[in-house]
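The values are calculated or read from the model by the stated rules, or taken from the named source; none is laboratory data. All values reported here derive from a predicted model rather than from experimental measurement. A quick note on method: Cβ atoms are made from the backbone with ideal geometry, for glycine too, and the neighbour counts reach across all protein chains shown. Accessible surface areas use protein heavy atoms only, side chains included; no ligands, DNA or RNA. Shrake-Rupley method; radii C 1.70, N 1.55, O 1.52, S 1.80 Å.
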Amino acid sequence: MGSGFFIALMHALFNGQWIIDEAAALPVDNRSFRYGAGLFETIRFVGESAPLWEQHMRRLLNSCKQLSWNLPALFTTDRLRDEVLRVIRKNKLNGSIRVRITASQGQGGLFDGDGKLSFLIEAWTLDPGRQIFNTNGWVIGCYEAARKSTDSLARLKSTSALIYAQAAAHAKAEKWNDALTLNTQGNIADSCIANLFLVREGRIITTDPDQGDVEGVMQSWLLEQLQSDFSIERRAIHPDELLGAEEVFLTNALFGIRWVGRYADRLYTNQSSDRFYRKYIRTIFP
């Protein structure tokens with residue numbers, strides 16, 4: 001007799017071949033698994049539409065170019081989107097959907113790898129809590145046990161994510177919603193899952209790419225929307241500056257904006273972040 005519960009197995013595509021989520025998917029010598037030699041994009045779809053698809057693809061292709069990775073001969077972003085839609089349809093997903101595309105640099109060792117890019121495409125229904133503006137402000141802190149480099153590799157959305165995994169574990173132990181990572185100069189790079197914004201005296205302040213942060217798709221898109229109406233500063237941000245900010249929020253491509261309610265003993269309002277969410281994020285993710 002069965003237990004009466006049915007667990008739906010999710011289907012993913014690995015190099016065009018169907019696999020299920022409980023099956024072994026990657027060759028044991030996959031370079032992303034062995035060395036973190038991989039890139040990924042996490043993309044929000046609404047049904048079969050991805051409002052920020054072009055921005056995600058631009059980042060992915062620029063990252064491949066930076067790493068001198070050779071794309072498959074028949075690769076196009078339109079074809080990749082068709083593959084994503086196959087996964088969405090196969091899993092019978094609708095509404096707001098989280099899609100993850102992982103590109104790995106083939107199989108083999110450091111000096112004898114084949115260099116052939118592999119693509120893994122996964123999709124899930126997006127957590128309902130990520131689809132709305134948070135009414136309870138997030139609590140954040142700084143992870144200080146390790147520091148991010150500020151070189152060009154630090155800006156990539158890479159599968160080499162050990163510092164973020166450790167920062168997330170620290171945040172969980174401290175009962176924070178997220179943790180900020182610091183660079184080797186002691187300034188803020190980004191958070192485990194997002195980019196940082198401050199509001200102070202009518203100015204919008206966010207991190208500059210030379211600070212070691214992953215250049216966020218939502219971060220860049222939101223700055224484009226805000227630039228005509230606000231004074232924008234992209235620069236180094238020291239953690240002490242958070243204590244003098246009127247408002248703090250985080251951005252990423254899944255939830256859009258998350259209002260931060262507290263950092264250390266400092267409490268924040270959410271007038272700007274709530275307004276930005278309603279005016280901008282809802283236009284692309286209703």
Discussion item. Just to be sure before I move on: is Arg81 under 28 Å from Tyr280 (Cβ atoms), of a type in the set (D, E, K, R) and without any contact (Cβ under 8 Å) to a residue 40 or more places away in the chain in the structure I sent?
Written reply: yes
In the range 257-286, residues that are closer than 29 Å to Gln185 by Cβ and either touching a helix residue (DSSP H, G or I) at 6+ places or on another chain (Cβ under 8 Å) or of a type outside the set (Ser, Thr, Tyr) (or both) total 12
Selection over the range 167-212 where residues are assigned to a helix (DSSP H, G or I) and open to solvent by 10 Å² or more (accessible area, probe 1.4 Å) yields a count of 9
Residues in the range 121-153 that are among the hydrophobic types (A, V, I, L, M, F, W, C), assigned to a strand (DSSP E or B) and open to solvent by less than 30 Å² (accessible area, probe 1.4 Å) total 5
Looking across the range 1-20 at residues that are over 18 Å from Lys92 (Cα atoms) and at pLDDT below 70, the single one that is nearest to the chain's Cα centre (by Cα) is Phe5
Being modelled with pLDDT of 95 or more, outside any loop (DSSP other than H, G, I, E, B) and open to solvent by less than 10 Å² (accessible area, probe 1.4 Å) narrows Arg282, Arg275, Arg258 down to just Arg258
Considering the range 224-255, residues that are over 19 Å from Asp190 (Cβ atoms) and part of a loop (DSSP other than H, G, I, E, B), and then whichever is most open to solvent (accessible area, probe 1.4 Å), we arrive at Gln227
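Restricting attention to the range 101-120, and to residues there that are assigned to a loop (DSSP other than H, G, I, E, B) and closer than 19 Å to Ile19 by Cα, which single residue is least open to solvent (accessible area, probe 1.4 Å)?
Within the range 101-120, the match that is least open to solvent (accessible area, probe 1.4 Å) is Gly106.
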Flagged in the range 21-56 as aliphatic (A, V, I, L, M) and either buried (at least 20 other Cβ atoms within 10 Å of the Cβ) or modelled with pLDDT of 90 or more (or both), in numbering order, are Ala37, Leu39, Ile43, Val46, Ala50, Leu52
### Query
Is it true that Arg89 is open to solvent by 70 Å² or more (accessible area, probe 1.4 Å), more than 14 Å from Ser32 (Cβ to Cβ) and part of a strand (DSSP E or B)?
no
Per the filter on the range 238-283, residues of a type in the set (Gly, Ala, Ser) and within 13 Å of Trp221 (Cα to Cα) are Ala253, Gly256
Quick check: anything in the range 93-100 within 18 Å of Gln17 (Cα to Cα) and surrounded by 14 or more Cβ atoms within 10 Å (Cβ to Cβ)? yes
Result of the Cβ filter at 6 Å on the range 166-189, keeping first residues that are over 15 Å from Gly261 (Cα atoms) and partners that are among the aromatic types (Phe, Trp, Tyr) and open to solvent by 10 Å² or more (accessible area, probe 1.4 Å), at least 6 apart or interchain, is Ala167/Tyr143; His170/Tyr143; Thr181/Tyr143
Exactly one of Leu156, Leu182 is within 14 Å of the chain's Cα centre (by Cα) and at negative phi, and that one is Leu156
Taking the range 254-280 and keeping residues hydroxyl-bearing (Ser, Thr, Tyr) and more than 22 Å from Pro51 (Cα to Cα) leaves Tyr263, Tyr268, Thr269, Ser272
Taking the range 154-166 and the residues there that are assigned to a helix (DSSP H, G or I) and closer than 21 Å to Leu254 by Cβ, the one that is modelled with the lowest pLDDT would be Arg155
